[in-house]
Amino acid sequence: MSDQATALASVDFDKARFAATLKTRALPPYGSGQCAKYVRIALETAGMPTGPNPRLAKDYGPYLEGRGFTAVARFVSGDAVSKGVDSAGFKLEVGDVAVIQNPSSSTAGHIQGYDGANWISDFVQDAFWPGPAYRSEKPAYVIYRR
């Protein structure tokens, strides 16, 4: 790991502040299509230096890993971790971040954070999948934790 990567990974990350920022900034009812921007702002507010950041939400995985996040669950497709636990028993924690690959109708993919009750991106989601195309195709995703 480079000196810069080590420094980024050692920065304190306030999970509660991350979750609170996501929730207070969320736009009703379905956001504005700017999930990466809203999650990035929450990451910054929680103490994480973020620039320069990926353009597309689906590209945030290596970026998060370079800042001390670890992939704690990888899903090829299908089962979604919704309200705290999936069918295999994986348990979510406040501050978890999901990076979802894109469905066929989109190129950007999606990124969202977990506040202990809901997945939030630029809106408070009622389930794991952020919209109909994601629910239908269930693209691959990774959950990161710090």
Residue check, Pro103 over 21 Å from Phe18 (Cα atoms), surrounded by 15 or more Cβ atoms within 10 Å (Cβ to Cβ) and at pLDDT 90 or above: yes
Quick one: what pairs do we get from the range 127-146, first residue without any contact (Cβ under 8 Å) to a residue 60 or more places away in the chain and within 21 Å of Gly61 (Cα to Cα), second basic (Lys, Arg) and assigned to a helix (DSSP H, G or I), C-beta under 6 Å, 6+ apart or different chains? Trp129/Arg135
With the requirement that a residue be hydrophobic (A, V, I, L, M, F, W, C) and assigned to a loop (DSSP other than H, G, I, E, B), what does the range 121-140 give you? Phe123, Ala127, Phe128, Trp129, Ala140
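Condition check: at pLDDT below 90, touching an Asp or Glu at 6+ places or on another chain (Cβ under 9 Å) and not in a loop (DSSP other than H, G, I, E, B). Does Ala73 satisfy that? Working first, answer last.
Working: at pLDDT below 90: yes; touching an Asp or Glu at 6+ places or on another chain (Cβ under 9 Å): yes; not in a loop (DSSP other than H, G, I, E, B): yes.
Answer is yes for this residue.
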Mind listing just one residue for me: the one in the range 19-34 that is touching a helix residue (DSSP H, G or I) at 6+ places or on another chain (Cβ under 7 Å) and modelled with pLDDT of 95 or more and, of those, farthest from Ser121 (Cα to Cα)? Thr21
Exactly one of these conditions fails for Lys37: (1) more than 19 Å from Arg145 (Cβ to Cβ); (2) more than 12 Å from the chain's Cα centre (by Cα). Give me its number. (2)
Conditions first: (1) at pLDDT below 90; (2) of a type in the set (Lys, Arg); (3) outside any loop (DSSP other than H, G, I, E, B). Lys83 passes all but one, so which condition is the exception? (3)
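May I ask you to verify whether Ala42 is part of a helix (DSSP H, G or I) and modelled with pLDDT of 90 or more? Please lay out each step first, then the result.
Values: part of a helix (DSSP H, G or I): yes; modelled with pLDDT of 90 or more: yes.
Considered against the rule, which asks whether it is part of a helix (DSSP H, G or I) and modelled with pLDDT of 90 or more, Ala42 comes out as yes.
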Restricting attention to the range 91-120, report how many residues are free of Cβ contacts under 8 Å to residues at least 40 places away in the same chain, assigned to a loop (DSSP other than H, G, I, E, B) and under 18 Å from Ser136 (Cβ atoms). 4
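Condition check ((1) modelled with pLDDT under 95; (2) surrounded by fewer than 21 Cβ atoms within 10 Å (Cβ to Cβ); (3) among the charged types (D, E, K, R)) across all residues:
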site	(1), (2), (3)
Thr50	yes, yes, no
Tyr63	yes, yes, no
Leu92	yes, no, no
Gly95	no, no, no
Kindly provide the set of residues from the range 17-39 that are within 19 Å of Tyr60 (Cα to Cα) and not in a loop (DSSP other than H, G, I, E, B), ordered by number. Phe18, Ala19, Thr21, Leu22, Cys35, Ala36, Lys37, Tyr38, Val39
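The values are calculated or read from the model by the stated rules, or taken from the named source; none is laboratory data. Please read all numbers here as calculations on a predicted model, not as lab measurements. Glycine also receives a Cβ, built like all others from the backbone with ideal geometry; neighbour counts cover every protein chain displayed.
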